[in-house]
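All remarks here apply to the structure that follows.
The values are calculated or read from the model by the stated rules, or taken from the named source; none is laboratory data. Computed from a predicted structure; not experimentally measured. With ideal geometry, Cβ positions are generated from the backbone for all residues, glycine too; neighbour counts draw on all protein chains shown.
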Ligand code: G3H
Ligand code: 13P
Ligand code: ZN
């Protein structure tokens, strides 16, 4: 059984902490993040992007996370990340995801409201919750990309939530997807965040929030990765964002970096070993470690 994303997030909203949202693409990533949640007794939101679904298949990912949720003794919700394709969003709702995101940030405001509202009705009829997005988060990934950051307008956020009935809202306060988040100083617009929280009074979501830990980057570079210029969101900024009303924090890049560093290290150190279990086992372990660091930072330890 999956947990309700809405329940998990409204509990965090009341308790002033954030629940980790981890993007998954394969079994090792699922097992790594779930083990972290179990070890620290933290609720988890496990998320599949449209790119992940394209790679592994919707039913396959659904069953994989479902098995993990049934084996774990912590609440685990399954979420669709950055849903843009209406057919995929409807399939996830029908299949029994805990929540879906409609990413209409690229659309004119009225159009974003219209579609989010329609999908919110559809999701709510099935007892599923929905995440909307307003403003644009920067960065480039597989199927998720935006060239420019447009900060969310607090007054528009209030109007958006009232009109659409979305359960939680992704906002743009200066973060971006991927490993290249800031060129100069890493500063988020906490003033905007505080105003949005005050006017909407719902759980708010921070995308593009990976920390891009130096230790992991250095490890990957030591074994051949080229990562010049990578820069993540500093931990102090994350803590302040939680204090100011963020209750769901999305992490994908840090998991990718940890996986990459571990695989590179193994292949370099053991050139004669070609057993996939020996190659991917250490990657799963590094995923667990980085997920545990995120859970501790977000304050969701023992909140199961
Ligand atoms: O926010 C985007 C996620 O990190 C997913 O990226 O489309 O490459 O799977 P992806
Ligand atoms: P990162 O690229 O910072 O990990 O952000 C992931 C994300 O926002 C997924 O929706
Ligand atoms: Zn995102």
Just one of (1) in contact (Cβ under 8 Å) with a residue 40 or more places away in the chain; (2) within 16 Å of ligand 3 (Cβ to nearest atom); (3) not in a loop (DSSP other than H, G, I, E, B) trips up residue 160, so point out which. (2)
Restricting to segment 246-272, give me the number of residues that are within 16 Å of ligand 1 (Cβ to nearest atom) and part of a loop (DSSP other than H, G, I, E, B). 1
When segment 93-126 is examined, which residues are found to be in contact (Cβ under 8 Å) with a residue 40 or more places away in the chain and within 28 Å of residue 35 (Cα to Cα)? 96, 97, 98, 99, 101
Report whether or not residue 38 is buried (at least 24 other Cβ atoms within 10 Å of the Cβ) and closer than 30 Å to residue 243 by Cβ. no
Based on what the data block shows, is residue 152 surrounded by 19 or more Cβ atoms within 10 Å (Cβ to Cβ), within 30 Å of residue 231 (Cα to Cα), modelled with pLDDT of 95 or more and away from ligand 1 (no atom under 16 Å from the Cβ)? yes
Within segment 230-245, which residues are touching a strand residue (DSSP E or B) at 6+ places or on another chain (Cβ under 9 Å), under 18 Å from residue 291 (Cα atoms) and in contact (Cβ under 8 Å) with a residue 60 or more places away in the chain? 238, 242
Out of (1) touching a strand residue (DSSP E or B) at 6+ places or on another chain (Cβ under 8 Å); (2) away from ligand 3 (no atom under 16 Å from the Cβ); (3) modelled with pLDDT of 95 or more, what's the single condition that is false for residue 186? (3)
Return yes or no: is residue 237 assigned to a helix (DSSP H, G or I) and surrounded by fewer than 16 Cβ atoms within 10 Å (Cβ to Cβ)? no
Segment 34-47: number of residues that are within 16 Å of ligand 3 (Cβ to nearest atom) and touching a residue at least 40 places away in the same chain (Cβ under 8 Å): 2
Condition first: away from ligand 3 (no atom under 16 Å from the Cβ), touching a residue at least 40 places away in the same chain (Cβ under 8 Å) and not in a helix (DSSP H, G or I). Can you find one or more residues in segment 273-284 that meet it? no
Within the group 225, 220, which residue is away from ligand 1 (no atom under 16 Å from the Cβ), part of a helix (DSSP H, G or I) and either under 29 Å from residue 116 (Cβ atoms) or out of contact with any strand residue (DSSP E or B) (no Cβ under 9 Å at 6 or more places or on another chain) (or both)? 220
Considering each residue of segment 211-238, count those that are more than 16 Å from ligand 2 (Cβ to nearest atom) and under 27 Å from residue 193 (Cβ atoms), and give that number. 1
Can you say whether residue 196 is in contact with a helix residue (DSSP H, G or I) (Cβ under 8 Å, 6 or more places away or on another chain), in a loop (DSSP other than H, G, I, E, B), closer than 21 Å to residue 82 by Cα and more than 16 Å from ligand 3 (Cβ to nearest atom), as far as the supplied structure shows? no
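One line per residue, one yes/no per condition, for (1) more than 17 Å from residue 195 (Cα to Cα); (2) modelled with pLDDT under 95; (3) more than 20 Å from the chain's Cα centre (by Cα):
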| site | (1), (2), (3) |
| --- | --- |
| 120 | yes, no, no |
| 129 | yes, no, no |
| 134 | no, no, no |
| 142 | yes, yes, no |
| 147 | yes, yes, no |
| 156 | no, no, yes |
| 166 | yes, no, no |
| 173 | no, no, no |
Within segment 165-172, identify whether any single residue is buried (at least 18 other Cβ atoms within 10 Å of the Cβ), within 19 Å of residue 247 (Cβ to Cβ) and away from ligand 3 (no atom under 16 Å from the Cβ), and answer yes or no. yes
Taking segment 69-89 and keeping residues away from ligand 3 (no atom under 14 Å from the Cβ), more than 27 Å from residue 38 (Cβ to Cβ) and touching a strand residue (DSSP E or B) at 6+ places or on another chain (Cβ under 9 Å) leaves 86, 88, 89
Just to check your reading of the model, which residue among 172, 186, 157 is within 13 Å of ligand 2 (Cβ to nearest atom) and closer than 21 Å to residue 115 by Cβ? 172
